[in-house]
Amino acid sequence: GKAKDREVRLFDSATVLICHNRAMIEELQRSGVSHPHFVNLGIFDYLTDGIPANEHSFDKSVVYAGNLAKAPFLTELNAFDLGWDFVLYGINCPQTTNPAIKYNGALSPEDLVGNLIQSFGLIWDSETVDGCTGKIGEYTRYNNPHKLSLYLVSGMPVIVWSQAAVADFVEKEKVGFVIDSLRDIAAKLDNLTEEEYEEYRRNANRLKQKLYCGEFMKAAIVRAIELCKG
């Protein structure tokens with residue numbers, strides 16, 4: 001449509017575009033953005049005055065933090081026998097009756113980073129438990145969710161949809177595992193060893209230092225300036 005054409009012309013007028021990830025770069029190129037140089041940010045930094053949690057033990061607990069109105073899959077998940085503890089933080093929590101699902105209220109970003117002590121953080125914006133569906137689910141094919149940065153700056157490994165744009169980052173950095181469906185989590189946790197979990201946790205803590213200091217954006221800006229100079 002006309003709005004998309006205007007956006008493409010605007011992006012194409014830039015010298016450099018700093019983009020979320022490789023998938024977003026490829027989508028812009030498919031849409032006709034061909035003039036700028038592209039810089040792959042990789043992940044958003046997470047600058048906070050809060051003190052991140054330090055200890056995460058492997059106890060098969062999973063947390064989901066954010067606007068819970070963007071998590072309609074919770075209604076479906078409520079009926080499942082999970083086999084793992086699921087902790088929710090955020091506004092707009094739907095009513096849940098599942099004993100494995102616990103709502104811990106809404107916290108400020110500063111307070112939240114110190115309270116995320118579960119084994120894994122879940123990144124799953126979807127209407128259903130089987131794949132990320134709907135408009136919010138489709139966007140995760142190109143988007144860098146702030147949840148990823150929030151969890152990692154807390155030193156917490158993550159679980160993410162296998163088709164999400166950040167799945168490649170998670171697997172490359174070895175900070176968690178990918179799934180096709182929320183039904184897969186129980187078996188994944190059952191088969192995960194303490195040693196494998198510790199590797200995820202060490203790598204999350206390595207990235208935590210960079211996210212806390214804004215290293216990813218600094219690197220992207222330095223690269224963008226180099227490309228502008230030509």
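The values are calculated or read from the model by the stated rules, or taken from the named source; none is laboratory data. Values in this document were obtained by computation on a predicted structure and should not be read as measured data. Don't worry about glycine lacking a Cβ; one is built from the backbone with ideal geometry, like all the others, and counts go over all protein chains shown. Just so you know, the surface numbers come from the protein's heavy atoms only, side chains and all, with ligands and any DNA or RNA stripped out. Shrake-Rupley method; radii C 1.70, N 1.55, O 1.52, S 1.80 Å.
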Once both label points are put 7 Å beyond Cα along the C-beta direction, the Asn104-Asn67 separation in nm becomes 2.2 nm
For Lys2, counting only lysines whose alpha-carbon sits under 21 Å away and dropping same-chain residues fewer than eight positions off, the answer is Lys135
Largest-first ranking of Met24, Met156 by accessible area, probe 1.4 Å, whole protein assembly kept, is Met24, Met156
Connecting every pair of Cα atoms under 10 Å apart in the chain and solving the GNM, the largest mean-square fluctuation among Ala14, Ala204, Ala23 falls on Ala14
Listed by chain and number, the aspartates and glutamates with an alpha carbon less than 14 angstrom from that of Lys174, same-chain partners under 8 positions apart left out, are Glu195, Glu196, Glu198, Glu199
In Å³ per residue, the alpha-carbon convex hull of the chain encloses 128 Å³
Per the Kirkwood formula over distinct C-alpha pairs, the hydrodynamic radius of the range 1-136 in angstrom is 17.8 Å
Taking only protein heavy atoms and a 1.4 Å probe, the highest-to-lowest accessible-area order of His37, His20 is His37, His20
For the Arg22, Arg223 Cβ pair and Förster radius 25 Å, calculated FRET efficiency rounded to 0.05 is 0.95
Stretched fully, the stretch from Thr97 through Val8 gains (0.36 nm per residue minus C-alpha distance, one decimal, in nm) 27.4 nm
The relative contact order of the chain, taking Cα pairs under 8 Å that sit 6 or more residues apart, comes to a percentage of 23 percent
